[in-house]
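Asks: My questions will all concern the structure given below.
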Amino acid sequence: MTSPTSPLLALPGAVAGDGIDAGVAAHYGSLFGEQRALAAGEGFVDLSHRDVLRISGPDRLTWLHALTTQFFEGLEPGRWISALVLSPQGHVEHAFTGVDDGESFTAHTEPGRAAALIEYLERMKFMSRVEMSDVTGDLAVAWRPPGKYDLVPREQLATYAEAAGPAAGFWAFEALRIERGEPRFGLDTDERTIPNEVGWLASEEPWSAVHMDKGCYRGQETVARVHNIGRPPRRLTLLHLDGSENRLPKPGSEIVPADGGRAVGAVGSSARHHELGPIALALLKRNTDITVQLEVDGLPAAQEVLVDPEVGLHFRPRR
């Protein structure tokens, strides 16, 4: 289903996003000012274009524990966690973040992704006492620094904004996410991505989506093997882009060595950061020299290592 258009687009200065991020404000007239406010711990971001689903029933936590990469058993109410669903080969098929309230687990995922996730979960119910529903039309997602999600009844978004303001646009949120090195499912990942490549095996939030001390789940063999042996095929990297052309690379553009040669990866999300200038996340081949200068979509780019090319763990300290 299509996410409803946010009522917060009526706020002064609001400019709507586009593509999968349509329906919420890209900015409210001050891209860098909005970033600085979030970095200072002020304001909120409207993420009401994200899909929301609810899983209820007495077996929901043990069932999710068996199906996903995360440790759901004994999850205390009010604690937010992220989880993945993997293919048998360990490739990431679904990603979501949610919270349990003691009666149901409510999660949000990328725009337009809830239907496929619910379809998969329905197939895996068997005899488990669980029920799934898409509640995107009823609940909206918002984010407040330094990293807190809120689930807000859609009819209360305007009231929420008055209390949580000032509003910051989605572009500001994305710039700070990219700076932190947090991959976005479907944009910074592809159909071949395994968790080890993008740092989802980190020991702390916001990157941790895989719990290494739990029982079997689909795709675990690949995750464990790469974790124990090391050397994931690719590694998530932060690119510092040349800003002289005042443009950002197209998602999916190939990345090549600046002095020529074959492609070594592809770029995902990118943004203009208030301090770092234009930056992007990219998946590079593991053996790409970390000192080599690169080029993407005609733009020179320098690397900053995010994921250890040998063991697949996230380097970046928590900000």
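The values are calculated or read from the model by the stated rules, or taken from the named source; none is laboratory data. Since the model is a prediction, treat every value here as computed from it, not as a measurement. Cβ coordinates were reconstructed from backbone atoms using ideal geometry, including for glycine residues, and neighbour counts include every protein chain displayed. All accessible areas refer to the heavy atoms of the entire protein, side chains included, with ligands and DNA or RNA removed. Shrake-Rupley method; radii C 1.70, N 1.55, O 1.52, S 1.80 Å.
Asks: For the condition within 17 Å of the chain's Cα centre (by Cα) and either in contact (Cβ under 8 Å) with a residue 12 or more places away in the chain or at positive phi (or both), what is the one hit in Val130, Val85, Val135, Val152?
Replies: Just one listed residue meets the conditions, Val85.
Asks: Quick one: which residue in Pro249, Pro195 is more than 17 Å from Gln89 (Cα to Cα) and in contact with a Leu (Cβ under 7 Å, 6 or more places away or on another chain)? Walk me through it before giving the result.
Replies: On the way: Pro195 fails: more than 17 Å from Gln89 (Cα to Cα).
The conditions single out Pro249.
Asks: Please go through region 235-257 and pick out each residue that is within 10 Å of Ala282 (Cα to Cα) and not β-branched (Val, Ile, Thr). Before you say what the answer is, go through the steps one by one.
Replies: Our first condition is that a residue be within 10 Å of Ala282 (Cα to Cα); within region 235-257, this holds for 235-239, 251-255.
Those that are within 10 Å of Ala282 (Cα to Cα) and not β-branched (Val, Ile, Thr): Arg235, Leu236, Leu238, Leu239, Pro251, Gly252, Ser253, Glu254.
Asks: Filter region 149-172 down to the residues that are in contact with a Phe, Trp or Tyr (Cβ under 8 Å, 6 or more places away or on another chain), part of a strand (DSSP E or B) and open to solvent by 30 Å² or more (accessible area, probe 1.4 Å) and list them by number.
Replies: Once the filter is applied, which keeps residues that are in contact with a Phe, Trp or Tyr (Cβ under 8 Å, 6 or more places away or on another chain), part of a strand (DSSP E or B) and open to solvent by 30 Å² or more (accessible area, probe 1.4 Å), region 149-172 yields only Tyr149.
Asks: Which strands (runs of 3 or more DSSP E) does region 3-119 wholly contain that include 3 or more residues that are crowded, with 20+ Cβ neighbours inside 10 Å? Let's see the steps before the verdict.
Replies: Working: elements: 25-27, 44-46, 51-56, 80-86, 92-100, 104-109.
Where strands (runs of 3 or more DSSP E) fall fully within region 3-119 and carry at least 3 residues being crowded, with 20+ Cβ neighbours inside 10 Å, they are 44-46, 51-56, 80-86, 92-100, 104-109.
Asks: Could you list, in sequence order, all residues of region 268-285 that are surrounded by 15 or more Cβ atoms within 10 Å (Cβ to Cβ) and either in contact with a Gly (Cβ under 9 Å, 6 or more places away or on another chain) or aliphatic (A, V, I, L, M) (or both)? Break it down stepwise before answering.
Replies: Filtering region 268-285 for residues surrounded by 15 or more Cβ atoms within 10 Å (Cβ to Cβ) gives 268-274, 276, 278-284.
Selection gives Gly268, Ala271, Arg272, His274, Leu276, Pro278, Ile279, Ala280, Leu281, Ala282, Leu283, Leu284.
Asks: Could you tell me which of the residues Ala37, Ala16 is in contact with a Gly (Cβ under 7 Å, 6 or more places away or on another chain) and at pLDDT 95 or above?
Replies: Working: Ala16 fails: in contact with a Gly (Cβ under 7 Å, 6 or more places away or on another chain).
None of the others qualify; the one that does is Ala37.
Asks: Just one of the numbered conditions (1) open to solvent by 10 Å² or more (accessible area, probe 1.4 Å); (2) closer than 29 Å to Ala167 by Cα; (3) outside any loop (DSSP other than H, G, I, E, B) is not true of Val141; which one?
Replies: (1)
Asks: Please specify each residue of region 220-262 satisfying the condition of being on the phi > 0 side of the Ramachandran plot and at pLDDT 95 or above.
Replies: If we filter region 220-262 for residues that are on the phi > 0 side of the Ramachandran plot, which is where we start, we get 230-231, 246, 252, 260-261.
Listed by number, the list holds a single entry, Gly252.
Asks: Taking the stated definitions as given, is Leu201 buried (at least 20 other Cβ atoms within 10 Å of the Cβ) and within 13 Å of the chain's Cα centre (by Cα)? Show your work before the answer.
Replies: Details: buried (at least 20 other Cβ atoms within 10 Å of the Cβ): yes; within 13 Å of the chain's Cα centre (by Cα): no.
Spelling it out, it is not the case that Leu201 is buried (at least 20 other Cβ atoms within 10 Å of the Cβ) and within 13 Å of the chain's Cα centre (by Cα).
Asks: Shifting gears a bit: Of all residues in region 208-261, how many are hydrophobic (A, V, I, L, M, F, W, C), over 19 Å from Asp188 (Cβ atoms) and touching a helix residue (DSSP H, G or I) at 6+ places or on another chain (Cβ under 9 Å)?
Replies: The number of residues fulfilling the criteria is 2.
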